[in-house]
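Each reported figure results from applying straightforward, stated rules to the coordinates on display, with no laboratory input. Small disclaimer: the values here were computed from a predicted structure and weren't measured. With ideal geometry, Cβ positions are generated from the backbone for all residues, glycine too; neighbour counts draw on all protein chains shown.
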Amino acid sequence: MPTTLTFAHIQSYLDAILTKASGDITVSPHGRFWREKLDGSPITYQEFVDGVVPGADDPNSSTACAGTPVPNINKASPSETAFYEILKGRICDGSLPRMPKGGTFVFAKDANGNVTSTPTYDVSLPDGSVVQMTGVQIMDNIGEWLANGFPE
Ligand code: HEM
């Protein structure tokens, strides 16, 4: 199925998830890596899709991905892209915690994989409108964008 979703939508979704995060993004190794570089300057679409998550490969961190850089986009298998996977659970063989670290997570599931709860977010869309979306809906849309080749 084709998509009308763009990188700007994905940025809006990640911003929305952040509004409910219990942790402080400014002390994370990556900051708002979907919007800006560590020096605070804006990141372009091309820089994002060709780049890696800042700090995720720090060999001195107990939560690093075994010293291995984590690409922003898994181009060989977009639907397994790390920032999408890490919103669902731990990645890097369990060495990186689910994000946003400490919660609020986009959904909770029971042992059978059924969603038991999902928060509702106010999402500020690229066109300036604000819509309410659940964590499940946000994840469905990120998955759709990735499966369609993560268009600009
Ligand atoms: C592949 C994508 C990501 C990687 C590799 C990653 C990696 C990390 C790492 C290594 C930490 C530090 C963990 C620690 O101190 O124990 C961290 C912290 C954090 N990350 Fe991520 N992260 C990713 C995506 C995200 C996303 C998408 C969000 C929010 C939408 C997010 C929000 C946070 C927050 C809030 C913290 C906690 C800062 C604190 O200690 O208060 N991360 N992340």
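Just checking, which of 4, 19, 68 is loosely packed, with under 15 Cβ neighbours inside 10 Å, over 21 Å from residue 132 (Cα atoms) and more than 8 Å from the ligand (Cβ to nearest atom)?
Answer to the check: 68.
For segment 95-124, which residues satisfy the criterion of being of a type outside the set (Val, Ile, Thr), touching a strand residue (DSSP E or B) at 6+ places or on another chain (Cβ under 6 Å) and touching a residue at least 24 places away in the same chain (Cβ under 8 Å)?
If the condition is that a residue be of a type outside the set (Val, Ile, Thr), touching a strand residue (DSSP E or B) at 6+ places or on another chain (Cβ under 6 Å) and touching a residue at least 24 places away in the same chain (Cβ under 8 Å), then 107, 121, 122, 124 are the ones that fit.
Quick check: anything in segment 102-114 surrounded by 12 or more Cβ atoms within 10 Å (Cβ to Cβ), touching a helix residue (DSSP H, G or I) at 6+ places or on another chain (Cβ under 9 Å) and of a type in the set (Ser, Thr, Tyr)?
Yes: segment 102-114 contains one or more residues that are surrounded by 12 or more Cβ atoms within 10 Å (Cβ to Cβ), touching a helix residue (DSSP H, G or I) at 6+ places or on another chain (Cβ under 9 Å) and of a type in the set (Ser, Thr, Tyr).
Could you list, in sequence order, the residues of segment 43-65 that are near the ligand (Cβ under 10 Å from one of its atoms) and either closer than 17 Å to residue 146 by Cα or among the aliphatic types (A, V, I, L, M) (or both)?
52, 53, 56, 64
Residue 32 is checked against (1) touching a helix residue (DSSP H, G or I) at 6+ places or on another chain (Cβ under 8 Å); (2) within 19 Å of residue 102 (Cβ to Cβ); (3) touching a residue at least 24 places away in the same chain (Cβ under 8 Å); (4) assigned to a loop (DSSP other than H, G, I, E, B) and fails just one. What number does that condition carry?
That leaves (3) as the condition not met.
Report, by residue number, each residue of segment 71-80 that is loosely packed, with under 15 Cβ neighbours inside 10 Å and part of a helix (DSSP H, G or I).
Hits for segment 71-80 are 79, 80.
Name the one entry in 31, 40 that is at positive phi and within 14 Å of the ligand (Cβ to nearest atom).
31
Could you list all residues from segment 74-95 that are of a type in the set (A, V, I, L, M, F, W, C) and out of contact with any Asp or Glu (no Cβ under 8 Å at 6 or more places or on another chain)?
Within segment 74-95, 76, 82, 83, 86, 87, 92 meet the criteria.
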